[in-house]
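Enquirer: Okay, handing you the structure first.
Values quoted throughout were computed directly from the atomic coordinates according to the rules given, and no laboratory measurement underlies them. Note that this is a predicted model, so its numbers are computed, not measured. For neighbour counting, all protein chains shown are included, and Cβ atoms are generated from backbone atoms with ideal geometry for every residue, glycine included.
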Amino acid sequence: MRIEILTLFPKFFDNVLSESIPGRAERFGKVAYTVHNLRDYSDDPHRKADDYLYGGGAGMLLKPEPLFKALTAITADLPKRPLIIYPSPQGETFAQPTAMELAEQEHLIFICGHYKGIDQRVIERWVDRQYSLGDYVVSSGEVATAVIIDAVVRLLPGVLGDFDSAKSDSFSSGGYDSPHYTRPEEIAGMSVPGVLLSGHQRNIEIWRRIGSELLRRKRNRETEFNTKQA
């Protein structure tokens, strides 16, 4: 897989892409990252890539020219257009099935918005998908892009030492993962459930399915309660 990122803050990704699972994916040759500094595509003498809003209003907006120029350069001469993603509060909520779908792609390009986002004409001309992490706002598109990349590359075959670990993650099968325990068997008066020490895999699988369902019900009750209180 090839992943390219357009950003005003390329240093943000120095550690994000080199550590943990994203870094392992690159070291194993499963993904190649390229981070492009949007300011390199600006014609402004001061490498400015943002401007005020037409019609007034608070905040700044990323200019269309650097993005048009960068995307034109990146996609030129490619046999197949990459999938271009813009993390945005207006996008559909990013979920595990989407991560699984994106993991099947060969080439992804992420546009990291900032300030009030990006010029609408960039979205209309270039963007294929918009994804939101949820109904809240983070400081920049870099944060959302890092989350999406992490969720995707860990699903690439050969990245995790045990691919079954990814398949059993929360939401991979439509629900939550079950509770997990490790050594020691007892701490602060709390013990590991006996079934997990039994070695009886059938009973362990049943216990985990029940635990997953109980977590789902608990989450639904909490969500319903919070909705009523709002």
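Enquirer: Compute a Gaussian network model of the chain, connecting alpha carbons closer than 10 Å, and tell me which residue from Lys69, Lys80, Lys116 fluctuates the most.
Expert: Lys80
Enquirer: How are the alpha carbon pair distances in the range 2-153 distributed across 10 Å bins from zero to the largest one, expressed in percent?
Expert: 11, 42, 37, 10, 1
Enquirer: Beyond a 29 Å Cα-Cα separation, which of these cross-linked pairs lie in this structure: Lys11/Lys63; Lys11/Lys69; Lys80/Lys116; Lys30/Lys80; Lys11/Lys48; Lys11/Lys116? Before the final figure, lay out the partial values.
Expert: Details: Lys11/Lys63 21 Å; Lys11/Lys69 21 Å; Lys80/Lys116 31 Å; Lys30/Lys80 19 Å; Lys11/Lys48 17 Å; Lys11/Lys116 21 Å.
Going by Cα-Cα distance, Lys80/Lys116 fall outside the 29 Å limit.
Enquirer: State, as an integer percentage, the relative contact order of the range 175-229 based on alpha-carbon contacts under 8 Å between residues 6 or more apart.
Expert: Values: 27 pairs, mean separation 26.0, N = 55.
Worked out over the range 175-229, it gives 47 percent.
Enquirer: 5 Å is the cut-off here: which amide hydrogens, built 1.01 Å from N in the peptide plane, fall below it relative to Met60, excluding neighbours closer than 5 in sequence?
Expert: For Met60, whose amide H was placed from the backbone, the distant partners under 5 Å are Lys116.
Enquirer: To continue, here is another question. Could you tally the net charge around Gln130, taking each other residue with its Cβ under 13 Å from the Cβ of Gln130, Lys/Arg +1 and Asp/Glu -1? Spell out each step's value before the answer.
Expert: Numbers: positive: Arg129; negative: Glu92, Glu124, Asp128.
Local charge sum for Gln130: -2.
Enquirer: Report the longest stretch of the chain that contains none of the GluC sites (Glu not before Pro) sitting in a DSSP loop with at most 10 other Cβ atoms within 10 Å. It would help to have the intermediate numbers written out before the result.
Expert: Details: sites that count: Glu19, Glu104, Glu106.
The reported range is 107-230.
Enquirer: Also, quick follow-up: Once you keep just the Cα pairs under 8 angstrom separated by 6 or more residues, what percentage relative contact order results for the chain? Please list the in-between numbers first.
Expert: Values: 316 pairs, mean separation 46.1, N = 230.
Relative CO of the chain lands at 20 percent.
Enquirer: Extent of the range 175-229 along each principal axis, from alpha carbon coordinates, in Å, largest to smallest?
Expert: Result, largest extent first: 42, 29, 12 Å.
Enquirer: Then there's this: Consider all pairwise Cα distances in the range 58-104 and report the whole-number % of them above 15 Å. Don't skip to the answer; put the middle values down first.
Expert: Values: 700 of 1081 pairs.
Of the Cα pairs, 65 percent sit more than 15 Å apart.
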